[in-house]
1. Filtering segment 26-43 down to residues that are under 12 Å from the mean Cα position of the chain (by Cα) and over 20 Å from ASP106 (Cβ atoms), which residue is surrounded by the fewest Cβ atoms within 10 Å (Cβ to Cβ)?
2. Is it true that ILE51 is touching a residue at least 24 places away in the same chain (Cβ under 8 Å), in a loop (DSSP other than H, G, I, E, B) and crowded, with 19+ Cβ neighbours inside 10 Å?
3. How about segment 108-123: which of its residues are surrounded by fewer than 15 Cβ atoms within 10 Å (Cβ to Cβ) and closer than 15 Å to LYS34 by Cβ?
4. Considering only residues of segment 97-112 that are basic (Lys, Arg) and within 18 Å of the chain's Cα centre (by Cα), which is farthest from GLY78 (Cα to Cα)?
5. Determine if segment 60-71 includes at least one residue that is closer than 14 Å to ASN110 by Cα and of a type in the set (A, V, I, L, M, F, W, C).
6. Output the residue which, of all residues in segment 1-39 that are modelled with pLDDT under 90, part of a helix (DSSP H, G or I) and in contact with a helix residue (DSSP H, G or I) (Cβ under 6 Å, 6 or more places away or on another chain), is farthest from TRP52 (Cα to Cα).
7. Suppose we filter ALA70, ALA81 for residues that are over 18 Å from GLN38 (Cα atoms), surrounded by 13 or more Cβ atoms within 10 Å (Cβ to Cβ) and touching a helix residue (DSSP H, G or I) at 6+ places or on another chain (Cβ under 6 Å); which single one remains?
Amino acid sequence: MSLFQTELIQQEERNYERLELAPEHRPMMEGIAKILGQFLEISHIALKGFIWRSLKQLQVDHNVTIEEIASMTPQERGKYAIEAFDSLRGFLYKILRNTEDKTVIDEAVNKGIEFYKQNFMNR
């Protein structure tokens with residue numbers, strides 16, 4: 001049995017498939033989704049949808065664009081990335097079938113943060 005509510009996963013897949021993603025965002029989205037997918041029983045497309053949703057939430061909360069964040073210092077980008085990953089964690093918690101499975105999400109998100117720091121934070 002899946003950790004997540006199937007209908008919510010399918011909804012996020014549909015939402016993501018309608019997005020027009022800028023080419024410069026694809027490597028980060030793909031990489032993070034691939035890392036998270038190693039730990040979570042969720043489709044790659046849905047994962048990218050939840051990652052994108054967390055980035056959009058960050059933009060709204062801080063009135064900042066992804067491009068503005070990309071031009072910041074590594075420390076500033078890291079601060080925003082942690083916030084986006086925390087938002088992602090919250091989105092994934094909400095679609096769990098059983099709240100006792102939060103540790104699986106925590107492990108996956110922590111690995112995603114490590115991946116981001118190693119591959120994108122200091123570029």
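The values are calculated or read from the model by the stated rules, or taken from the named source; none is laboratory data. These numbers come from a predicted model, not from an experiment. Don't worry about glycine lacking a Cβ; one is built from the backbone with ideal geometry, like all the others, and counts go over all protein chains shown.
1. It comes out as GLU30.
2. no
3. Across segment 108-123, the qualifying residues are GLU114, GLN118, ASN119.
4. Only one residue tops the list, namely LYS102.
5. no
6. By that ranking, first place goes to MET28.
7. Of ALA70, ALA81, the one residue that is over 18 Å from GLN38 (Cα atoms), surrounded by 13 or more Cβ atoms within 10 Å (Cβ to Cβ) and touching a helix residue (DSSP H, G or I) at 6+ places or on another chain (Cβ under 6 Å) is ALA81.
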